[in-house]
Amino acid sequence: MLKAPKQVTRMAPVCCIIPEHVLQNILEVGQAPQHVLDACQSTIDQTKELHNTRIEHKQSLLAEQERPTFEGIIPSYIFETIAREAAKKEQLTGAVRHLNRTVYDAQHTNRRDPPRNKIMIKEGGALISKEQDPSYDANECYIGFQKTYDFYFNFLNRDSIDGRGGGLNGFVHYSEGYQNAFWDGKQMIFGDGDGVIFNGFTDELDVIGHELTHGVVEYTSPLDYSFQSGALNESLADVFGIMIKQWGNDPANPQTAEQSDWLIGEGIWAKGVNGRALRDMKAPGTAYNDRRVGSDRQPGHWKNFQKLPLSEDQGGVHINSGIPNHAFYLASTLIGGYSWQTAGPIWYKALTCGKLRQNASFKEFAELTILNAGDHEDSIREAWKQVGYPFDGGRDEL
């Protein structure tokens, strides 16, 4: 038999809502209580360990793919044809919902694969009581998963993050004093925060939408998680996170682009921290400024682009994402109305059209949105021009 065609295995890094440079800055400033500083250092160390484990797992999968594989009696192309025809039939008859959520208690373990022996809520189950989970994290995770799923299904005809009805798994109460929430390529994991600098992470719908969107990006594009392509990756997570928030916080009374606050991670800072959010898409660089945390470093225009080494924020993925973030804000407000009906589908087409390269630049992504803008081409082009398009200066790698 002929050798079956090899499939390329891609795996994203651990994508955290709190960038490492923010935690590192808290450590360098040294103004937070010692237990908070210890928690920040522990969070950085654990996240690096998780990331290294993911790299090792990817390498093992790639090595496995290099081994000779042979087809069975039924050639693989027959199965591929059957799958394509089934997909066409489903499109013709209407998409079918496959919402399947499970929320687990990580039981404060820091294992790379948290235990699954304590299910807090399973699909179709009732929300749990305050006595069972005083933090309400499990309930918030469960609800946030549905709203994110509903957004993608209702407005973009996408059946879960993989487009095939894949299950949504979440783990709450991860580790001790873990200062983050992240998508690790197959599930979402939430720490508890410390209540001094960071609140919990499950009560912010845009945080859940942001992290699950990393999964969508992983399944739909080859975007590297470094430099400009990584900043686009982060920006796309913010773009869909903010739309999920605009619609999902009150689906009966959703917000227009003009009504939205355009804040990502609003409420993520604990009481007493001088900050409105983690990022501000309307005014990048103004989300927070606190003596214990430092200040928001995001630029909102190409002229302030920060050329950083890979060792610092993967080349500025969380920092320079402010530029395409601001472009989406401008596009949405220039057009007006609900962003998921106007600029949102254009960004989604640019992401999923199959023309987005692995190391795509801001210019390349901008031109894909312009190409897919239809009647809104002038507004989309103007939005990008206001943040520096055509981004003269070339690549950003050092």
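Computed from the coordinates by the stated procedures, all read-outs in this text should not be read as laboratory data. Values in this document were obtained by computation on a predicted structure and should not be read as measured data. Please note: Cβ atoms are built from the backbone with ideal geometry, for glycine as well, and neighbour counts cover all protein chains shown.
The requirement of being over 23 Å from Ala360 (Cβ atoms) and either in a loop (DSSP other than H, G, I, E, B) or without any contact (Cβ under 8 Å) to a residue 40 or more places away in the chain (or both) is fulfilled nowhere in the range 216-225; no residue meets it. Of all residues in the range 315-345, those satisfying the criterion of being surrounded by fewer than 24 Cβ atoms within 10 Å (Cβ to Cβ) and among the polar types (S, T, N, Q) are Thr333, Gln341, Thr342. Here Gly177, Gly170 are screened, and the one residue that is in contact (Cβ under 8 Å) with a residue 24 or more places away in the chain and in contact with a His (Cβ under 9 Å, 6 or more places away or on another chain) is Gly177. Scanning the range 354-380 for residues that are crowded, with 17+ Cβ neighbours inside 10 Å, outside any loop (DSSP other than H, G, I, E, B) and either touching a strand residue (DSSP E or B) at 6+ places or on another chain (Cβ under 9 Å) or not acidic (Asp, Glu) (or both) yields Phe362, Lys363, Phe365, Ala366, Leu368, Thr369, Ile370, His376, Ser379, Ile380. Select from the range 260-278 the residues that are closer than 22 Å to Gly30 by Cα and charged (D, E, K, R) and write down the one among them that is surrounded by the fewest Cβ atoms within 10 Å (Cβ to Cβ). For the range 260-278, the residue satisfying everything is Lys271. Scanning the range 172-191 for residues that are surrounded by fewer than 24 Cβ atoms within 10 Å (Cβ to Cβ) and within 13 Å of Ser42 (Cβ to Cβ) gives Ser175, Glu176, Gly177. If you check Ser229, Ser235 for being surrounded by 24 or more Cβ atoms within 10 Å (Cβ to Cβ), of a type in the set (Ser, Thr, Tyr) and within 11 Å of the chain's Cα centre (by Cα), only one passes: Ser235. Looking only at the range 193-215, filter to residues that are surrounded by fewer than 24 Cβ atoms within 10 Å (Cβ to Cβ) and not small (Gly, Ala, Ser); which one of those is farthest from Cys16 (Cα to Cα)? Residue satisfying both the conditions and the ranking: Val196.
Taking residues in the range 360-371 that are touching a residue at least 12 places away in the same chain (Cβ under 8 Å), and partners anywhere that are of a type in the set (Phe, Trp, Tyr), the pairs with Cβ atoms closer than 6 Å and at least 6 places apart or on different chains are Phe362/Phe391; Lys363/Phe391; Ala366/Trp384; Ala366/Tyr389.
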